[in-house]
Amino acid sequence: MMMDGIEAVIFDLDGSLVNSMWIWKDIDIEYLGRFGLESPAGLQSEIEGMSFSETAGYFKERFRLPDSVEKIKEDWNRMAWDKYMSQVPLKEGVREYLSWCSGRNIKLGIATSNSRELVTSIAKVHRLERYFQCIMTGCDVGRGKPAPDIYLAVAKQLRTDPKACLVFEDIIPGIQAGKAAGMKVCAVEDAYSLDQTEEKKTLADYYIRHFAEVLY
């Protein structure tokens, strides 16, 4: 059983807890368009797993942007704000699963490559703060996914052995990060990565289409 021996569950945010992966491609196109640039094919796969700061640094260097990394991140936060607040729903069954875990004293954490500002706002909008004992971003640790840093850091803050942690992830670098941390990993189906379904199933310990499956 997936939950046997699990003391803590750690969630990726985008594409795992919320349906949001689609917005970043739109933002990249709009943002680069401000500088008269086109978003190149394959850009999303190149930045998968990077922290918010790493991605901003990558954009600044690759596209020779005049703005600072901090200014780039501020602009992205503003551009994403409205979409996250009004157009990004929770994944099916998420709230029920969080309640189920809380009722069994299973610790809960978030490990996201997104910005602190956005993940905090999303948690408030969906009234998730009461469930999570730890929310950490890629900018809080040394390396982004697929490095295990963020998952190990969340496990440490939750005071839980990584081997007793279950990770929910929707992208391959995230699955690799959870496995590298020595944790069980459940891949989550997401429209953004449907073409990677078989690889996700191969890399992860489990695969779900929605969280209701975990409860049955």
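The values are calculated or read from the model by the stated rules, or taken from the named source; none is laboratory data. Everything numeric here is computed off the predicted structure, so don't read it as measured data. All Cβ positions, even for glycine, are placed from backbone atoms using ideal geometry, and neighbour counts span all protein chains on display. Accessible surface is based on the protein model in full, side chains and every heavy atom, while ligands, DNA and RNA are left aside. Shrake-Rupley method; radii C 1.70, N 1.55, O 1.52, S 1.80 Å.
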* Take ALA56 and decide whether it is in contact (Cβ under 8 Å) with a residue 40 or more places away in the chain and not in a loop (DSSP other than H, G, I, E, B). => no
* Which ones in the stretch 81-133 are touching a strand residue (DSSP E or B) at 6+ places or on another chain (Cβ under 8 Å), open to solvent by less than 40 Å² (accessible area, probe 1.4 Å) and without any contact (Cβ under 8 Å) to a residue 60 or more places away in the chain? -> LEU98, ALA123, TYR131, PHE132
* Asked: In the set ALA155, ALA147, which member is open to solvent by less than 60 Å² (accessible area, probe 1.4 Å), closer than 17 Å to GLY178 by Cβ, touching a residue at least 60 places away in the same chain (Cβ under 8 Å) and within 18 Å of the chain's Cα centre (by Cα)?
  -> ALA155
* Asked: On the given criteria, is ASP28 closer than 23 Å to ASP190 by Cα, more than 15 Å from the chain's Cα centre (by Cα) and of a type in the set (Asp, Glu)?
  -> yes
* Tally the residues that are part of a helix (DSSP H, G or I), of a type outside the set (Val, Ile, Thr) and surrounded by 13 or more Cβ atoms within 10 Å (Cβ to Cβ), restricting the search to the stretch 180-200. => 6
* **Some residue of the stretch 10-26 being assigned to a helix (DSSP H, G or I), farther than 30 Å from VAL214 by Cα, in contact with an Asp or Glu (Cβ under 9 Å, 6 or more places away or on another chain) and not assigned by the TED database to the domain that holds ALA123** => no
* Give the residues of the stretch 170-216 that are closer than 17 Å to TRP22 by Cα and in contact with a strand residue (DSSP E or B) (Cβ under 6 Å, 6 or more places away or on another chain), sorted by residue number. => ASP170, VAL188
* **Output for the stretch 23-36, where each listed residue is farther than 19 Å from THR120 by Cβ and surrounded by 16 or more Cβ atoms within 10 Å (Cβ to Cβ)** => ASP28, TYR31, LEU32
* Identify, by number, the condition in (1) open to solvent by 20 Å² or more (accessible area, probe 1.4 Å); (2) at pLDDT below 95; (3) among the hydrophobic types (A, V, I, L, M, F, W, C) that PHE63 doesn't meet. => (2)
* **Criterion: touching a helix residue (DSSP H, G or I) at 6+ places or on another chain (Cβ under 9 Å) and assigned by the TED database to the domain that holds ASP12 - qualifying residue of TRP81, TRP76, TRP100** => TRP100
* Just to be sure, is ALA177 open to solvent by less than 10 Å² (accessible area, probe 1.4 Å), within 24 Å of SER102 (Cβ to Cβ) and not in a loop (DSSP other than H, G, I, E, B)? -> no
* **Considering residues of the stretch 3-18 that are closer than 12 Å to GLU169 by Cβ and among the small types (Gly, Ala, Ser) only, the residue surrounded by the fewest Cβ atoms within 10 Å (Cβ to Cβ)** => GLY15
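Within the stretch 92-149, work out how many residues are among the hydrophobic types (A, V, I, L, M, F, W, C), under 19 Å from TYR58 (Cα atoms) and not in a loop (DSSP other than H, G, I, E, B).
At the first step, the residues of the stretch 92-149 found to be among the hydrophobic types (A, V, I, L, M, F, W, C) are 94, 98, 100-101, 106, 108, 110-111, 118-119, 122-123, 125, 128, 132, 134-136, 139, 141, 147.
Cutting the leftovers down to under 19 Å from TYR58 (Cα atoms) gives us 139, 141, 147.
Applying the additional criterion that residues be not in a loop (DSSP other than H, G, I, E, B) yields 139.
Residues in the stretch 92-149 being among the hydrophobic types (A, V, I, L, M, F, W, C), under 19 Å from TYR58 (Cα atoms) and not in a loop (DSSP other than H, G, I, E, B): 1 in total.
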